[in-house]
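Enquirer: I'd like to ask you about the structure that follows.
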Amino acid sequence: MEFGVFGYSGRPSVSVIIPVRNEGQRVQAAVASIVEGRSCAFPLQIVLVDDDSSDDSCTSLPNLYSWSRDHVQLDVIRLPRWSGIPYARNCGVSAARARILFITDANVRFPPGWDLPIREHIRPNRVLCATIANMDSPFRGYGGTLHIPSMGFDWLSTPTVFGGYVPLSPCTGTVLSTDLYRRAGGYDTGMPVYGAAEPEFSVRLWLSGAEIVCLPDLVLQHRFRPASERRPFLEAISGMQVHNYLRFGLLYMDRPRVLQLLQYYASTAPHTFEKALRQVWAGDVWHRRDVLQRSLPARFDFFVRRFGLRDALGQLAIR
(Lines give C-alpha, C1' and ligand atoms only; values in the text may rest on other atoms or scores of the structure.)
Protein backbone atom coordinates (compact mmCIF):
# COMPACT_ATOMS: atom_id res chain seq x y z
CA MET A 1 0.00 0.00 0.00
CA GLU A 2 1.60 3.24 -1.08
CA PHE A 3 1.44 6.08 1.36
CA GLY A 4 0.41 8.58 -1.20
CA VAL A 5 -2.75 8.29 0.92
CA PHE A 6 -0.93 10.58 3.38
CA GLY A 7 -1.34 13.43 0.91
CA TYR A 8 -3.73 16.36 1.03
CA SER A 9 -7.02 15.30 -0.50
CA GLY A 10 -10.71 15.40 0.24
CA ARG A 11 -10.48 12.50 2.68
CA PRO A 12 -8.39 11.69 5.76
CA SER A 13 -5.27 9.55 5.51
CA VAL A 14 -5.73 7.86 8.90
CA SER A 15 -8.84 7.29 11.00
CA VAL A 16 -8.08 6.87 14.71
CA ILE A 17 -10.84 4.95 16.52
CA ILE A 18 -11.24 5.56 20.27
CA PRO A 19 -14.00 4.08 22.44
CA VAL A 20 -14.67 6.35 25.42
CA ARG A 21 -16.53 5.76 28.67
CA ASN A 22 -16.14 8.31 31.47
CA GLU A 23 -12.52 9.15 30.69
CA GLY A 24 -12.62 12.73 31.96
CA GLN A 25 -9.72 14.93 30.81
CA ARG A 26 -7.67 11.95 29.64
CA VAL A 27 -9.46 11.78 26.31
CA GLN A 28 -8.64 15.42 25.52
CA ALA A 29 -4.95 14.80 26.28
CA ALA A 30 -4.99 11.69 24.08
CA VAL A 31 -6.55 13.57 21.18
CA ALA A 32 -4.05 16.42 21.54
CA SER A 33 -1.12 14.00 21.39
CA ILE A 34 -2.52 12.40 18.24
CA VAL A 35 -3.07 15.70 16.44
CA GLU A 36 0.14 17.40 17.56
CA GLY A 37 2.29 14.30 17.19
CA ARG A 38 1.88 14.06 13.41
CA SER A 39 5.16 14.43 11.53
CA CYS A 40 3.32 16.79 9.18
CA ALA A 41 -0.22 18.10 8.98
CA PHE A 42 -1.58 15.21 6.93
CA PRO A 43 -5.40 14.92 6.94
CA LEU A 44 -6.58 13.03 9.99
CA GLN A 45 -9.91 11.72 11.28
CA ILE A 46 -10.49 10.91 14.94
CA VAL A 47 -13.66 8.99 15.76
CA LEU A 48 -14.66 9.00 19.42
CA VAL A 49 -17.34 6.48 20.30
CA ASP A 50 -18.94 7.71 23.51
CA ASP A 51 -20.16 4.50 25.14
CA ASP A 52 -22.93 6.09 27.23
CA SER A 53 -20.59 8.22 29.35
CA SER A 54 -22.06 10.20 32.23
CA ASP A 55 -19.21 12.73 32.62
CA ASP A 56 -19.59 14.74 29.39
CA SER A 57 -15.95 13.99 28.56
CA CYS A 58 -16.59 14.17 24.81
CA THR A 59 -18.95 17.14 24.69
CA SER A 60 -16.55 19.96 23.81
CA LEU A 61 -14.01 17.97 21.79
CA PRO A 62 -15.46 18.51 18.27
CA ASN A 63 -14.81 22.24 18.68
CA LEU A 64 -11.07 21.87 19.31
CA TYR A 65 -9.95 21.31 15.71
CA SER A 66 -11.18 22.07 12.22
CA TRP A 67 -10.62 20.56 8.80
CA SER A 68 -9.78 23.89 7.19
CA ARG A 69 -7.26 24.98 9.84
CA ASP A 70 -5.81 21.74 11.28
CA HIS A 71 -6.72 19.13 8.63
CA VAL A 72 -8.47 17.26 11.45
CA GLN A 73 -12.00 15.87 11.37
CA LEU A 74 -13.17 14.96 14.88
CA ASP A 75 -16.38 12.95 15.01
CA VAL A 76 -18.26 11.84 18.13
CA ILE A 77 -20.68 8.91 17.99
CA ARG A 78 -22.86 8.70 21.09
CA LEU A 79 -24.27 5.27 21.96
CA PRO A 80 -27.62 5.28 23.78
CA ARG A 81 -26.61 2.55 26.22
CA TRP A 82 -23.41 0.95 27.50
CA SER A 83 -22.51 -1.51 24.75
CA GLY A 84 -18.86 -2.36 25.41
CA ILE A 85 -15.60 -2.03 23.57
CA PRO A 86 -16.09 -4.50 20.66
CA TYR A 87 -19.37 -2.93 19.59
CA ALA A 88 -18.01 0.59 20.09
CA ARG A 89 -14.98 -0.11 17.91
CA ASN A 90 -17.11 -1.55 15.13
CA CYS A 91 -19.34 1.53 15.29
CA GLY A 92 -16.29 3.74 15.05
CA VAL A 93 -14.97 1.92 12.00
CA SER A 94 -18.36 2.23 10.32
CA ALA A 95 -17.77 6.01 10.36
CA ALA A 96 -14.12 5.81 9.24
CA ARG A 97 -13.28 7.65 6.02
CA ALA A 98 -9.57 6.81 5.72
CA ARG A 99 -7.88 3.79 4.20
CA ILE A 100 -5.82 3.24 7.37
CA LEU A 101 -7.24 2.57 10.83
CA PHE A 102 -5.49 3.15 14.14
CA ILE A 103 -7.37 1.35 16.92
CA THR A 104 -6.52 2.74 20.37
CA ASP A 105 -8.14 4.06 23.56
CA ALA A 106 -8.41 7.23 25.63
CA ASN A 107 -5.67 6.32 28.13
CA VAL A 108 -2.77 6.89 25.74
CA ARG A 109 -0.26 9.52 24.67
CA PHE A 110 1.02 9.28 21.10
CA PRO A 111 4.70 10.11 20.51
CA PRO A 112 6.01 12.76 18.10
CA GLY A 113 6.21 11.35 14.56
CA TRP A 114 3.91 8.42 15.35
CA ASP A 115 2.90 8.14 11.69
CA LEU A 116 6.46 7.56 10.39
CA PRO A 117 6.77 3.83 11.32
CA ILE A 118 3.30 3.29 9.89
CA ARG A 119 4.28 4.85 6.56
CA GLU A 120 7.30 2.55 6.38
CA HIS A 121 5.75 -0.76 7.38
CA ILE A 122 2.07 -0.83 6.48
CA ARG A 123 0.99 -3.34 3.83
CA PRO A 124 -2.47 -4.34 2.57
CA ASN A 125 -2.41 -7.68 4.41
CA ARG A 126 -0.36 -6.63 7.45
CA VAL A 127 -1.40 -5.49 10.90
CA LEU A 128 1.00 -3.26 12.83
CA CYS A 129 1.29 -3.65 16.60
CA ALA A 130 2.44 -0.62 18.56
CA THR A 131 4.68 -0.95 21.62
CA ILE A 132 2.78 -0.18 24.82
CA ALA A 133 4.69 1.53 27.63
CA ASN A 134 3.32 2.00 31.13
CA MET A 135 3.30 5.68 32.11
CA ASP A 136 4.10 4.77 35.72
CA SER A 137 6.70 2.00 35.38
CA PRO A 138 9.48 0.72 33.07
CA PHE A 139 7.11 -1.90 31.61
CA ARG A 140 6.88 -2.24 27.84
CA GLY A 141 4.69 -4.73 26.02
CA TYR A 142 5.43 -5.75 22.44
CA GLY A 143 2.09 -7.36 21.68
CA GLY A 144 1.00 -10.57 23.31
CA THR A 145 0.68 -14.31 23.03
CA LEU A 146 -2.26 -16.59 23.73
CA HIS A 147 -2.48 -18.46 27.01
CA ILE A 148 -4.03 -21.91 26.69
CA PRO A 149 -6.39 -23.11 28.11
CA SER A 150 -7.70 -19.78 29.48
CA MET A 151 -7.58 -18.10 26.03
CA GLY A 152 -6.17 -15.03 27.80
CA PHE A 153 -3.59 -12.47 26.71
CA ASP A 154 0.03 -12.61 27.98
CA TRP A 155 2.30 -9.63 27.18
CA LEU A 156 5.53 -10.17 25.27
CA SER A 157 8.52 -8.52 26.97
CA THR A 158 10.70 -8.38 23.85
CA PRO A 159 9.93 -7.73 20.17
CA THR A 160 12.13 -10.60 18.97
CA VAL A 161 10.39 -13.59 20.56
CA PHE A 162 8.81 -14.59 17.25
CA GLY A 163 11.21 -12.80 14.94
CA GLY A 164 9.27 -9.55 14.96
CA TYR A 165 5.88 -11.15 14.42
CA VAL A 166 3.18 -10.99 17.08
CA PRO A 167 0.45 -13.55 17.87
CA LEU A 168 -1.93 -10.99 19.40
CA SER A 169 -2.12 -7.24 18.89
CA PRO A 170 -3.38 -5.22 21.89
CA CYS A 171 -6.46 -3.06 21.56
CA THR A 172 -4.42 -0.04 22.66
CA GLY A 173 -2.30 0.06 19.52
CA THR A 174 -3.45 -1.80 16.42
CA VAL A 175 -3.00 -0.40 12.90
CA LEU A 176 -4.40 -1.97 9.75
CA SER A 177 -6.14 -1.09 6.53
CA THR A 178 -9.83 -0.37 6.69
CA ASP A 179 -10.36 -2.93 3.96
CA LEU A 180 -8.63 -5.68 5.98
CA TYR A 181 -10.64 -4.82 9.09
CA ARG A 182 -13.89 -5.06 7.19
CA ARG A 183 -12.93 -8.21 5.30
CA ALA A 184 -12.05 -9.88 8.59
CA GLY A 185 -15.43 -8.89 10.01
CA GLY A 186 -14.32 -6.58 12.82
CA TYR A 187 -14.58 -7.49 16.49
CA ASP A 188 -16.94 -10.26 17.59
CA THR A 189 -19.84 -8.53 19.34
CA GLY A 190 -20.91 -11.92 20.68
CA MET A 191 -18.17 -11.14 23.24
CA PRO A 192 -19.79 -8.09 24.83
CA VAL A 193 -18.45 -5.38 27.11
CA TYR A 194 -14.81 -6.41 27.73
CA GLY A 195 -12.49 -9.41 27.42
CA ALA A 196 -11.42 -11.88 24.68
CA ALA A 197 -12.59 -9.90 21.65
CA GLU A 198 -9.12 -8.47 20.89
CA PRO A 199 -7.26 -11.82 21.08
CA GLU A 200 -10.01 -13.46 19.02
CA PHE A 201 -9.74 -10.78 16.34
CA SER A 202 -5.97 -11.29 16.12
CA VAL A 203 -6.37 -15.06 15.79
CA ARG A 204 -8.96 -14.55 13.06
CA LEU A 205 -6.64 -12.18 11.20
CA TRP A 206 -3.83 -14.75 11.24
CA LEU A 207 -6.20 -17.50 10.06
CA SER A 208 -7.47 -15.27 7.26
CA GLY A 209 -3.94 -14.96 5.84
CA ALA A 210 -2.88 -11.66 7.40
CA GLU A 211 0.24 -11.11 9.52
CA ILE A 212 0.81 -9.04 12.65
CA VAL A 213 4.16 -7.26 12.97
CA CYS A 214 5.62 -5.52 16.03
CA LEU A 215 6.73 -1.88 15.75
CA PRO A 216 9.33 -1.32 18.51
CA ASP A 217 9.77 2.30 17.36
CA LEU A 218 6.10 3.22 17.76
CA VAL A 219 5.79 3.57 21.53
CA LEU A 220 2.47 4.61 23.04
CA GLN A 221 2.50 5.75 26.65
CA HIS A 222 -0.47 4.11 28.34
CA ARG A 223 -2.15 4.65 31.67
CA PHE A 224 -2.83 1.24 33.12
CA ARG A 225 -5.67 1.59 35.59
CA PRO A 226 -4.57 1.19 39.21
CA ALA A 227 -5.82 -1.82 41.16
CA SER A 228 -8.25 0.39 43.08
CA GLU A 229 -10.07 1.13 39.80
CA ARG A 230 -9.46 -2.07 37.92
CA ARG A 231 -10.46 -4.61 40.59
CA PRO A 232 -14.05 -3.38 41.12
CA PHE A 233 -14.61 -3.14 37.37
CA LEU A 234 -13.39 -6.69 36.73
CA GLU A 235 -15.40 -8.04 39.64
CA ALA A 236 -18.53 -6.40 38.27
CA ILE A 237 -18.12 -8.02 34.85
CA SER A 238 -16.48 -11.30 35.91
CA GLY A 239 -19.35 -13.43 34.63
CA MET A 240 -19.28 -11.70 31.26
CA GLN A 241 -15.53 -12.19 30.99
CA VAL A 242 -15.85 -15.93 31.65
CA HIS A 243 -18.60 -16.04 29.01
CA ASN A 244 -16.34 -14.34 26.47
CA TYR A 245 -13.34 -16.59 27.04
CA LEU A 246 -15.51 -19.71 26.88
CA ARG A 247 -16.96 -18.49 23.59
CA PHE A 248 -13.48 -17.77 22.24
CA GLY A 249 -12.24 -21.26 23.04
CA LEU A 250 -15.34 -23.00 21.70
CA LEU A 251 -15.02 -21.13 18.41
CA TYR A 252 -11.58 -22.54 17.63
CA MET A 253 -10.25 -25.32 19.85
CA ASP A 254 -10.50 -29.08 19.45
CA ARG A 255 -12.22 -31.36 21.98
CA PRO A 256 -9.23 -32.07 24.29
CA ARG A 257 -8.39 -28.37 24.60
CA VAL A 258 -12.08 -27.48 25.08
CA LEU A 259 -12.18 -29.91 28.01
CA GLN A 260 -9.11 -28.19 29.47
CA LEU A 261 -10.83 -24.83 28.97
CA LEU A 262 -13.97 -25.97 30.81
CA GLN A 263 -11.95 -27.48 33.64
CA TYR A 264 -9.89 -24.30 33.96
CA TYR A 265 -12.88 -21.99 34.39
CA ALA A 266 -14.85 -24.46 36.52
CA SER A 267 -11.96 -24.37 39.01
CA THR A 268 -10.93 -20.70 38.76
CA ALA A 269 -14.42 -19.14 38.46
CA PRO A 270 -16.77 -21.60 40.22
CA HIS A 271 -19.37 -18.93 41.06
CA THR A 272 -19.82 -17.70 37.49
CA PHE A 273 -18.83 -20.67 35.34
CA GLU A 274 -22.14 -22.53 35.12
CA LYS A 275 -24.22 -19.47 34.25
CA ALA A 276 -21.64 -18.26 31.73
CA LEU A 277 -21.52 -21.65 30.05
CA ARG A 278 -25.32 -21.77 29.76
CA GLN A 279 -25.28 -18.32 28.15
CA VAL A 280 -22.63 -19.36 25.64
CA TRP A 281 -24.55 -22.53 24.79
CA ALA A 282 -27.76 -20.53 24.27
CA GLY A 283 -26.05 -18.15 21.85
CA ASP A 284 -24.82 -18.60 18.30
CA VAL A 285 -21.40 -20.08 19.16
CA TRP A 286 -21.89 -23.29 17.14
CA HIS A 287 -23.23 -21.44 14.11
CA ARG A 288 -20.35 -18.98 14.38
CA ARG A 289 -17.82 -21.81 14.68
CA ASP A 290 -19.23 -23.43 11.54
CA VAL A 291 -19.07 -20.13 9.63
CA LEU A 292 -15.44 -19.60 10.65
CA GLN A 293 -14.41 -23.13 9.70
CA ARG A 294 -15.99 -22.74 6.28
CA SER A 295 -14.74 -19.23 5.56
CA LEU A 296 -11.21 -19.03 7.01
CA PRO A 297 -8.37 -20.36 4.83
CA ALA A 298 -6.48 -21.78 7.84
CA ARG A 299 -7.43 -23.68 10.99
CA PHE A 300 -6.51 -22.94 14.58
CA ASP A 301 -3.78 -25.61 14.30
CA PHE A 302 -1.89 -23.26 11.99
CA PHE A 303 -1.85 -20.53 14.64
CA VAL A 304 -0.75 -23.01 17.34
CA ARG A 305 2.12 -24.37 15.24
CA ARG A 306 3.14 -20.90 14.01
CA PHE A 307 3.79 -19.76 17.59
CA GLY A 308 4.44 -23.08 19.34
CA LEU A 309 1.57 -22.71 21.79
CA ARG A 310 1.40 -25.27 24.60
CA ASP A 311 -1.65 -26.49 26.50
CA ALA A 312 -2.10 -27.11 30.22
CA LEU A 313 -0.10 -30.32 29.98
CA GLY A 314 2.81 -28.69 28.17
CA GLN A 315 1.88 -30.30 24.86
CA LEU A 316 1.49 -28.53 21.54
CA ALA A 317 -2.15 -27.42 21.67
CA ILE A 318 -3.36 -29.29 18.58
CA ARG A 319 -5.03 -32.58 17.82
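Enquirer: So how exposed is residue 39, as accessible area in Å² (1.4 Å probe, rounded to 10)?
Expert: Estimated to the nearest 10 Å², residue 39 gives 60 Å².
Enquirer: How big is the equivalent ellipsoid of region 1-148 along its three axes, where each semi-axis is √(5λ) from the Cα gyration tensor, reported in whole Å from largest to smallest? Don't skip to the answer; put the middle values down first.
Expert: Details: eigenvalues 98, 87, 49 Å².
Working from the Cα gyration tensor, I get semi-axes of 22, 21, 16 Å.
Enquirer: In vacuo Debye scattering of the chain, one point per C-alpha: log10 I(q)/I(0) at q = 0.10, 0.12 Å⁻¹?
Expert: Ignoring solvent entirely, the Cα scatterers give -0.56, -0.82.
Enquirer: For region 131-174, taking Cα atoms only, what is the radius of gyration to one decimal and the Dmax to the nearest whole Å?
Expert: 10.6, 31
Enquirer: Using a basic spin-label model with each label point 7 Å from the Cα along Cα→Cβ, how many nm lie between residue 230 and residue 52?
Expert: Each label point lies 7 Å from its Cα, and together they span 2.5 nm.
Enquirer: Another one. List the residues, sorted by chain then number, that are 5 or more residues from residue 49 or on another chain and whose placed amide H is less than 5 Å from its amide H.
Expert: 18, 20, 77
Enquirer: In whole Å, largest first, what are the principal axis extents of the Cα atoms in region 9-78?
Expert: 36, 19, 18
Enquirer: State the volume of the convex hull built on the alpha-carbon positions of region 169-269, expressed per residue in Å³ and rounded to an integer. Intermediate values should be presented prior to the final figure.
Expert: On the way: hull volume 13.3 nm³, N = 101.
For region 169-269, the hull spanned by Cα atoms encloses 131 Å³ per residue.
Enquirer: For region 253-314, what does the accessible surface come to per residue with a 1.4 Å probe? Please give it in Å². Could you put the intermediate results ahead of the total?
Expert: On the way: 3880 Å² over 62 residues.
In whole numbers, region 253-314 has 63 Å² accessible per residue.
Enquirer: With every protein chain in place, what's the accessible area of residue 290 (1.4 Å probe, Å², nearest 10)?
Expert: My reading of the accessible area for residue 290 is about 70 Å².
Enquirer: Could I ask something else about it? Rounded to the nearest whole Å², what accessible area per residue is found for region 139-235 with the 1.4 Å probe?
Expert: Value returned for region 139-235: 36 Å² of accessible area per residue.
Enquirer: What percent does the relative contact order of the chain come to when contacts are Cα pairs within less than 8 Å and at least six residues apart? Write down the numbers at each step before the final one.
Expert: Numbers: 631 pairs, mean separation 54.6, N = 319.
After rounding, I find 17 percent.
Enquirer: If one takes the longest principal axis of the Cα atoms in the chain, at what angle in degrees, from 0 to 90 and to the nearest 10, does the Cα axis of helix 273-282 lie?
Expert: 80
Enquirer: Using a 1.4 angstrom probe on the protein heavy atoms only, line up 305, 299 by accessible area, largest first. Please list the in-between numbers first.
Expert: Values: 305 145, 299 115 Å².
Per-residue accessible area, sorted high to low, gives 305, 299.
Enquirer: Just check region 149-188 against the gyration tensor rule for me: Cα atoms, a ≥ b ≥ c as the square roots of the eigenvalues, rounded for a/c under 1.5, and otherwise prolate or oblate depending on whether a/b exceeds b/c.
Expert: On the way: a/c = 2.43, a/b = 1.49, b/c = 1.63.
It is oblate, given that a/c is not under 1.5 and a/b is not larger than b/c.
Enquirer: So what is the orientation-averaged projected area of region 91-205, using the convex hull of its C-alpha atoms, in nm²?
Expert: Numbers: hull surface 32.1 nm².
With the hull built on Cα positions only, its mean projection is 8.0 nm².
Enquirer: Something else about it: Leaving ligands, DNA and RNA out of it, report the carbon-plus-sulfur percent of the accessible area of the chain at a 1.4 Å probe.
Expert: Working: 7030 of 13690 Å².
Accessible surface attributable to carbon and sulfur in the chain totals 51 percent.
The values are calculated or read from the model by the stated rules, or taken from the named source; none is laboratory data. Since we're looking at a predicted model, the values are computed, not measured. Ideal geometry is used to build each Cβ from the backbone, glycine not excepted, and the neighbour counts take in all protein chains shown. We work out accessible area using only protein heavy atoms, side chains counted, and drop any ligands, DNA or RNA first. Shrake-Rupley method; radii C 1.70, N 1.55, O 1.52, S 1.80 Å.
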